[in-house]
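The values are calculated or read from the model by the stated rules, or taken from the named source; none is laboratory data. Computed from a prediction, not measured in an experiment: that's the story for all the values here. Note that we place each Cβ from the backbone using ideal geometry, even for glycine, and neighbour counts take in every protein chain shown.
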Amino acid sequence: MKARVVILMLTMLPGIHHCFGSPDPVDSIQKVKTNSASNWRFTTRLHSMGQFNYGGRIVSENPTLDFNFTYDRKTWGFQVFKAMDLKDRSTQINFTLAVINKAFHIGKRLTITPNVGFILEQSNTIADRGSDVTFILNSSYKISKNFTIDHSALIGNVALEPGERDWVNRLRLTYSKKHLDLSVTGWHNNKVFDAAEYVTYGASAFYSRIKLSSALMMSAGVSCLMMPYSNDTVEYPKRNGVILTVGLTLD
């Protein structure tokens, strides 16, 4: 597959601290420790369908499970993210993402975070054909106490298979207050490196940061995705859907 365009779910890199868009993978249940020099976080989430958060595509209609571990310091960190299809081992949602990152703060509102690492395609083996180096550039601007706008650019297949290189942009507006996280998101797979192109829109609502203990939190929410345009329905089939998610975060 071209450039494994992922989730955190998961939503998990420095500079992006809000709801599923992710996840990025853990935006919706992330807690930030501001008084310590470093912090770690482990998140697991169960989804009713499999979606690439950075790519904005539904790639499996089966339930999926993911795990995310992050370690953050004030200016750098790393992340390991594993996603799996609970019914079909061969779908594209079976992969591992690992990146290191460094945050650059420009004033009090703007944070730019480049991330470099790799994506392992794991539909058949630990590292299938298509596994490659990936680059993600996150830019986050704090509009106000509750509103944040962020942009992510993901370029996959950077080193080993440049002929399969792909570039996807994600623009997201989030509102976060107490336990409520809302977001609207747009994704665009452009034709800079190849002829394929698609556009996806999405919205999500999460009830987040439900404290179960001093170190354990829970989150639950719903995300709606619509792909109105794709010029390659074989590689990028049009899929619309509603995704239900529940997650736990330990830190």
Of (1) farther than 25 Å from W167 by Cα; (2) touching a strand residue (DSSP E or B) at 6+ places or on another chain (Cβ under 8 Å), R89 satisfies every one except (2)
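Can you go through M227, M217 and tell me which one is among the hydrophobic types (A, V, I, L, M, F, W, C) and either surrounded by fewer than 17 Cβ atoms within 10 Å (Cβ to Cβ) or farther than 18 Å from R45 by Cα (or both)? Reasoning before the result, please.
On the way: M217 fails: either surrounded by fewer than 17 Cβ atoms within 10 Å (Cβ to Cβ) or farther than 18 Å from R45 by Cα (or both).
Exactly one of M227, M217 is among the hydrophobic types (A, V, I, L, M, F, W, C) and either surrounded by fewer than 17 Cβ atoms within 10 Å (Cβ to Cβ) or farther than 18 Å from R45 by Cα (or both), namely M227.
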With respect to L225, determine if the residue is of a type outside the set (D, E), farther than 20 Å from T174 by Cβ and in a strand (DSSP E or B). no
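Scan the range 121-150 residue by residue and report those that are within 21 Å of K108 (Cβ to Cβ) and either in contact with a helix residue (DSSP H, G or I) (Cβ under 8 Å, 6 or more places away or on another chain) or polar (S, T, N, Q) (or both). Full working, then the answer.
First pass over the range 121-150, keeping only residues within 21 Å of K108 (Cβ to Cβ): 137-150.
Residues satisfying the conditions are N138, S139, S140, S144, N146, T148.
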Restricting to the range 68-89, name every residue that is under 29 Å from K108 (Cβ atoms) and assigned to a loop (DSSP other than H, G, I, E, B). K74, T75
Picked from the range 50-79 (must be out of contact with any Lys or Arg (no Cβ under 9 Å at 6 or more places or on another chain) and at pLDDT 95 or above), the residue surrounded by the fewest Cβ atoms within 10 Å (Cβ to Cβ) is F78
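Would you confirm whether any residue within the range 233-242 is in contact with a helix residue (DSSP H, G or I) (Cβ under 7 Å, 6 or more places away or on another chain), within 20 Å of V59 (Cβ to Cβ) and surrounded by 15 or more Cβ atoms within 10 Å (Cβ to Cβ)? Reasoning before the result, please.
Applying the first criterion (in contact with a helix residue (DSSP H, G or I) (Cβ under 7 Å, 6 or more places away or on another chain)) to the range 233-242 yields none.
So far as the range 233-242 goes, no, none of its residues is in contact with a helix residue (DSSP H, G or I) (Cβ under 7 Å, 6 or more places away or on another chain), within 20 Å of V59 (Cβ to Cβ) and surrounded by 15 or more Cβ atoms within 10 Å (Cβ to Cβ).
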Cβ-Cβ distance below 6 Å, separation of 6 or more or different chains: which pairs start in the range 210-223 with a residue that is at pLDDT 95 or above and end on one that is charged (D, E, K, R) and surrounded by fewer than 17 Cβ atoms within 10 Å (Cβ to Cβ)? M217/K211
If R45 satisfies every condition in (1) more than 14 Å from T245 (Cβ to Cβ); (2) buried (at least 21 other Cβ atoms within 10 Å of the Cβ) but one, which is the exception? (1)
Give, as residue ranges, the strands (runs of 3 or more DSSP E) completely inside the range 106-158 that count at least 2 residues that are among the β-branched types (V, I, T) and closer than 20 Å to K82 by Cα. 110-121, 132-142
In the range 228-247, what residues are closer than 24 Å to N189 by Cα, touching a Phe, Trp or Tyr at 6+ places or on another chain (Cβ under 9 Å) and assigned to a strand (DSSP E or B)? P228, Y229, S230, I243
Which ones in the range 196-217 are of a type in the set (G, A, S) and part of a loop (DSSP other than H, G, I, E, B)? A196, S213, S214, A215
